Structure formats: C-alpha cells, structure tokens
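Trainee: Mind looking over this structure? Questions follow.
The values are calculated or read from the model by the stated rules, or taken from the named source; none is laboratory data. Just so it is clear, the model here is predicted, and its values are computed rather than measured. Glycine also receives a Cβ, built like all others from the backbone with ideal geometry; neighbour counts cover every protein chain displayed. Accessible surface is based on the protein model in full, side chains and every heavy atom, while ligands, DNA and RNA are left aside. Shrake-Rupley method; radii C 1.70, N 1.55, O 1.52, S 1.80 Å.
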Amino acid sequence: ANPARASGYSAPSQTSSVPLGMKQIDHYAAANSQERRELINKRIKSKITEIRRSVLLKLNKSKAVKIYMEQGEPKALSLNTKYLFSKGISFKAGSTPILSDIAGLLFAMGKDHCLILPEGTIQGDAKIINIRRALALNSYLTERGISSSRIDVNLIGSDINLPSKLRDIRGLVILFDK
C-alpha cells in the first residue's frame, strides 16, 4: 500500500497550473476564514443577546412597561401612556430613558417586525388621541434609526390575530413577530 495515499495525499493534477502548495494554502485560508466568520458571528449573537437581556431587565423595572415573554423571547410590550405622554401627544420630560430602551430592544431584536397598536384598539375603543400617540411612538422609533419597513401601526384594529395570552393586554401595545 502506498503510505501517501493512506494519509489522504493525492498527486498533483497535470492539468492544473497552480502548484499543489498554493492549492493547500488557499484551501486552509478559506477554511480558516470561514471559521473566523463563524466565531465572529457567534460573538456578535452573544453580544446582541446580552444587550437584549440587559434592556429587558431595565424595561421590566419600569412602571411604564409590561413585557410579555414566550419561550425566552419578548412577544409584546404594553406601554402605560400616563408615564410616557403629557396630556397630548408630546412625550413627558423624563420618558426618554424608557423610550431609548424600547428603541434599543427593537435594535436587539434584529430583523423582527413589530406592530404598534394604539391604546384601546384591542378592546375596539381606540380614540383619536391614542392613534396620534401610536404615530408619535412610530416616529420616535424611526427617528432613532429603526427601519420603517420593520414597523407597522394598525390604526383601526382590523386583522389583528392575537394569541389568547394577549387578548387582555392594555395600553399602547407593541407586538413582535419574526
């Protein structure tokens, strides 16, 4: 038996103009590059998960936000508008940290899509002020860099298919969907 063949070595091809050593270097560089990309992706995913967890913990401490989780992932946020808005559609002084954390959570959710429902929509009782507040939140999030293609605002409450756990949700609602 040929010991070179047993080790997986094959003779260089006569038709190739690239020396065998260069082919091996290219192969190892490509494999090493792939491993490096996988390691970088793993680190990025880990950091994003850490950021999401940190933001969720901060939001959970706020009286303005109620988080609905399913299988370790946020499925919805219920926002108590009395903590976020003044009498009209202006954000209250001091609400910026909560709003920033909500924007941070959306960033950390990656490509997840979200649906904003004005307060009262689920109960079929959305008022004009609540619709304007939902639009104000949408504007805030897009001004902070969240892609408008990831955010929808359902102004009339039609075609909402809520899981049974969320049917009693109150407030200005953000639903997450992959």
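Trainee: Within segment 91-102, is even one residue at pLDDT below 90 and open to solvent by 20 Å² or more (accessible area, probe 1.4 Å)? Break it down stepwise before answering.
Mentor: Of all residues in segment 91-102, those at pLDDT below 90 come to none.
Within segment 91-102 (the criterion being at pLDDT below 90 and open to solvent by 20 Å² or more (accessible area, probe 1.4 Å)), the answer is no, since none of the residues qualifies.
Trainee: Turning to a different aspect of this structure: Among the listed residues Asp125, Asp152, Asp159, Asp112, which satisfies the condition of being of a type outside the set (Lys, Arg) and either under 24 Å from Lys63 (Cα atoms) or in contact with a Gly (Cβ under 9 Å, 6 or more places away or on another chain) (or both)?
Mentor: Asp125
Trainee: Return the residues of segment 143-178 that are part of a helix (DSSP H, G or I) and surrounded by 15 or more Cβ atoms within 10 Å (Cβ to Cβ); say none if nothing qualifies.
Mentor: Across segment 143-178, the qualifying residues are Arg150, Leu166.
Trainee: Has segment 77-88 got at least one residue that is open to solvent by 60 Å² or more (accessible area, probe 1.4 Å), farther than 21 Å from Gly120 by Cβ, more than 17 Å from the chain's Cα centre (by Cα) and of a type outside the set (Lys, Arg)?
Mentor: Within segment 77-88, none of the residues are open to solvent by 60 Å² or more (accessible area, probe 1.4 Å), farther than 21 Å from Gly120 by Cβ, more than 17 Å from the chain's Cα centre (by Cα) and of a type outside the set (Lys, Arg).
Trainee: Scanning for something among the acidic types (Asp, Glu) and not in a loop (DSSP other than H, G, I, E, B), does segment 95-108 turn up at least one residue? Walk me through how you get there before you give the answer.
Mentor: Filtering segment 95-108 for residues among the acidic types (Asp, Glu) gives 101.
Cutting the leftovers down to not in a loop (DSSP other than H, G, I, E, B) gives us 101.
Within segment 95-108, one or more residues are among the acidic types (Asp, Glu) and not in a loop (DSSP other than H, G, I, E, B).
Trainee: Touching a Pro at 6+ places or on another chain (Cβ under 7 Å), surrounded by 15 or more Cβ atoms within 10 Å (Cβ to Cβ) and at pLDDT 90 or above: does that describe Ile67?
Mentor: Considered against the rule, which asks whether it is touching a Pro at 6+ places or on another chain (Cβ under 7 Å), surrounded by 15 or more Cβ atoms within 10 Å (Cβ to Cβ) and at pLDDT 90 or above, Ile67 comes out as yes.
Trainee: Another question, if that's okay. Consider segment 114-130. How many of its residues are surrounded by 19 or more Cβ atoms within 10 Å (Cβ to Cβ) and either more than 15 Å from Ala76 (Cβ to Cβ) or β-branched (Val, Ile, Thr) (or both)?
Mentor: 5
Trainee: Within segment 117-130, is there a residue that is under 25 Å from Asp168 (Cα atoms), touching a residue at least 60 places away in the same chain (Cβ under 8 Å) and part of a loop (DSSP other than H, G, I, E, B)?
Mentor: Of segment 117-130, the ones under 25 Å from Asp168 (Cα atoms) are 117-130.
Checking which are touching a residue at least 60 places away in the same chain (Cβ under 8 Å) leaves us with none.
Scanning segment 117-130 turns up no residue that is under 25 Å from Asp168 (Cα atoms), touching a residue at least 60 places away in the same chain (Cβ under 8 Å) and part of a loop (DSSP other than H, G, I, E, B).
Trainee: Next question. What number of residues within segment 52-89 satisfy the criterion of being in contact (Cβ under 8 Å) with a residue 40 or more places away in the chain and of a type in the set (Lys, Arg)?
Mentor: 4
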